[in-house]
1. Could you say whether any residue in the range B:252-263 is in contact (Cβ under 8 Å) with a residue 24 or more places away in the chain and either closer than 30 Å to B:Gly113 by Cβ or within 13 Å of another protein chain (Cβ to nearest Cβ) (or both)?
2. Within the range B:299-326, can you find the residues that are within 13 Å of another protein chain (Cβ to nearest Cβ) and in contact (Cβ under 8 Å) with a residue 60 or more places away in the chain?
3. Does the range B:69-102 hold any residues that are more than 15 Å from the chain's Cα centre (by Cα) and either under 24 Å from B:Gly140 (Cα atoms) or modelled with pLDDT under 95 (or both), and which are they?
4. Report, by residue number, each residue of the range B:121-144 that is open to solvent by 30 Å² or more (accessible area, probe 1.4 Å) and either in contact with a strand residue (DSSP E or B) (Cβ under 9 Å, 6 or more places away or on another chain) or within 14 Å of another protein chain (Cβ to nearest Cβ) (or both).
5. For B:Ser102, indicate whether it is away from chain A (no Cβ under 14 Å), buried (at least 19 other Cβ atoms within 10 Å of the Cβ) and within 24 Å of B:Gly203 (Cα to Cα).
6. Sort out which residues of the range A:75-94 are surrounded by fewer than 18 Cβ atoms within 10 Å (Cβ to Cβ) and either among the charged types (D, E, K, R) or in contact with a Phe, Trp or Tyr (Cβ under 6 Å, 6 or more places away or on another chain) (or both), and write them in order of number.
7. Quick check on the range B:226-242: of everything there that is at the interface with chain A (Cβ under 8 Å from one of its Cβ atoms) and assigned to a helix (DSSP H, G or I), which residue is most open to solvent (accessible area, probe 1.4 Å)?
8. So how many residues does the range A:348-395 have that are among the hydrophobic types (A, V, I, L, M, F, W, C), modelled with pLDDT under 60 and either open to solvent by 50 Å² or more (accessible area, probe 1.4 Å) or part of a loop (DSSP other than H, G, I, E, B) (or both)?
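The values are calculated or read from the model by the stated rules, or taken from the named source; none is laboratory data. All values derive from a computational prediction rather than experimental measurement. In this analysis, Cβ positions are derived from the backbone assuming ideal geometry, glycine residues included, and neighbour counts consider all displayed protein chains. Each accessible area value is taken on the protein alone, full model and side chains, heavy atoms only, with ligands, DNA and RNA left out. Shrake-Rupley method; radii C 1.70, N 1.55, O 1.52, S 1.80 Å.
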Number of protein chains: 2
Amino acid sequence: MASIGIVTPQRMHFATPLPLQSGATISDYSLVYETYGTLNTARSNAVLVCHALNASHHVAGVYADQPKNVGWWDNMVGPGKPLDTDRFFVIGVNNLGSCFGSTGPMDPDPATGKPYGAAFPVVTVEDWVQAQARLADALGIVQFAAVMGGSLGGMQALAWSTLYPKRLRHCVVIASTAKLSAQNIAFNDVARQAILSDPDFHGGDFYAHGVVPKSGLRVARMVGHITYLSDTVMADKFGRKLRDTGNDGYQFGFGVDFEVESYLRYQGDKFAQYFDANTYLLVTKALDYFDPARAFGGDLTQALATTEAKFLLASFSTDWRFSPECSREIVAALVANRRAVTYAEIDAPHGHDAFLLDDPRYLALLRAYYDRVWGELETPAAGAAGRVEAPAAAKEAA
Amino acid sequence: MASIGIVTPQRMHFATPLPLQSGATISDYSLVYETYGTLNTARSNAVLVCHALNASHHVAGVYADQPKNVGWWDNMVGPGKPLDTDRFFVIGVNNLGSCFGSTGPMDPDPATGKPYGAAFPVVTVEDWVQAQARLADALGIVQFAAVMGGSLGGMQALAWSTLYPKRLRHCVVIASTAKLSAQNIAFNDVARQAILSDPDFHGGDFYAHGVVPKSGLRVARMVGHITYLSDTVMADKFGRKLRDTGNDGYQFGFGVDFEVESYLRYQGDKFAQYFDANTYLLVTKALDYFDPARAFGGDLTQALATTEAKFLLASFSTDWRFSPECSREIVAALVANRRAVTYAEIDAPHGHDAFLLDDPRYLALLRAYYDRVWGELETPAAGAAGRVEAPAAAKEAA
């Protein structure tokens, strides 16, 4: 299957202030997004793909001037791929507060003319959904065929299902959770403390100092990365292999001895070069805060009672960041609400990262599910694919 | 059961240079240790207790001037306790490179007269055993009734069984492993990078600058602490409870929202106040390097072929740092060598930390095992407890 090829990000400006869950307001902001495929005349074939911690709107394809910059879910989205862009109009959008083009901490705060830095308001998963809904409005999409995401992206899909029940026919939640555990929060706080205590962070105003809190970001990414991999896959990939230094013994120092150290430090350094420290803080807080059941005394069944979508959930057996148990909790709450739910627990060795990888059973599952989503879009009367009437629910929602 | 009461640390100086596994030598060093109970005339009732990452020689009792400074294994060691000091002569010794009195990085390097700092040689588990063996020599102990430890302390006990097979009758290895996994090493390297990148570390020479790399130590301890606790016990203890601020909502900032953040930051701060950063680096490297099977092409059975002791191993079901699987690997290798092995896998919710806690089944297991050790020491001819002949093996070893 070919990649979708060259894609071009777009930018949309929103001049209407966006009230946030915190009580703060963003007066004026832009969202960067990409689209793949063609919106049908019924505007019924749009799928929103929400991104996780360190990803962006660049879901699939490459850029003309960056042929190696392949979208983060290019194995999932494209012509003939599980989420088939010959059928669906797919939207990837960079979230508010991110560092890949949408308004974020490095952009000027209209109040001061200087970069927001730490003054950028804390945004939540629900705030992101509100911003995405405005983008959908602007694109004329009343109802998505599906809203989909993995990990933090799955939280956004789940939030769509409760905040805008009529605006999605399907909700696809992969390797995600309805709330972080104490251990999850603890790891996030380790990452935040590493960044906040880096003297180059300068209270979030490092832009003005011409520096980047690289050490903090590096440690943050290293600890995060460990939680994305299973113990097993780390054992298989690295084990206790020493780095090939031409010396097969220990170094007896604090440099690199083991391959796993080399790999993680490299990943940490790479991350520190492209990711914004304030964004990292914001995104980890959005993760920590997500808890739709909180407003219902912890009762997730009540929290999901207003949903109307059909659901696909998938989890991976060795994911210890958001374990299958987390998905099962969502499934149980949906089933208690008599929602249509498909759930797959995929036996994969890769840990949390599995949702981005080429597991054939996983991709086959998604392909089958999107075949069904597509089948539901086609009506016998409409005939040709992609030229169907908007479904009744969409009309009602409009 | 009463605590052993007031104890007094002792110090022993060793003027003979100690060659280390790295090829370096420590020319001259001291070890601080404590003893509890009475060495019998046969010198056969001594038990060496080896400490883990952040502990010390202060195993049991309190100090006259610090009545709240209770030894780290006071629930295990004392009169009438599982390791009964009315029967056994128990020794706790602070390891080389530590920061609790034995020669370490903050002590003057004889070569320069200034603190060793980062120049303190990297020491291994095996080096510690060599230093402990010299202490045993000096105390006139040819053979221990048992050498015992949990976690990193268990590694030392295991190393004793291969390096000095005749010098211990029993080897007690709790919540330990024969080698760290890639994930274990990765977490250790996160901790090291946090310390090494703290500008207050000054390449290990922070003593001269009158500062301490507190931020690095704090992050190191936070990440370590998470790995000592099970996900379950963190969920039970903290869950998603918000810190009691009189405000039951989110703070929408980067201060403390959740109890678990407050707890970990507090633990991190406390640790940074008393623990030496260079010691932390050394101890994590000792953990990483320990791998007795390495010299035998990874074959642990071969590595343990020279052992002569009887073994007790214990692990805890929710310990994900050194999981039961790690202990089972050691048990399998010992059984393959036809050693006498007792193994218990204790169903406990507390994760790795369980080895320090008051689990009745765990303490009963150790009590029963030490009853057996004691029973073996008594010979029908000798009569009164603690006045037995040295066992034959001890005489041979001498």
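1. yes
2. B:Leu300, B:Thr318, B:Asp319, B:Trp320, B:Arg321, B:Phe322, B:Cys326
3. Hits for the range B:69-102 are B:Gly78, B:Pro79, B:Leu83, B:Asp84, B:Thr85, B:Asp86, B:Arg87, B:Phe88, B:Phe89, B:Gly101.
4. B:Glu126, B:Gln130, B:Arg134, B:Ala138, B:Leu139
5. yes
6. A:Asp86
7. That would be B:Lys237.
8. Residues flagged as among the hydrophobic types (A, V, I, L, M, F, W, C), modelled with pLDDT under 60 and either open to solvent by 50 Å² or more (accessible area, probe 1.4 Å) or part of a loop (DSSP other than H, G, I, E, B) (or both) within the range A:348-395 amount to 7.
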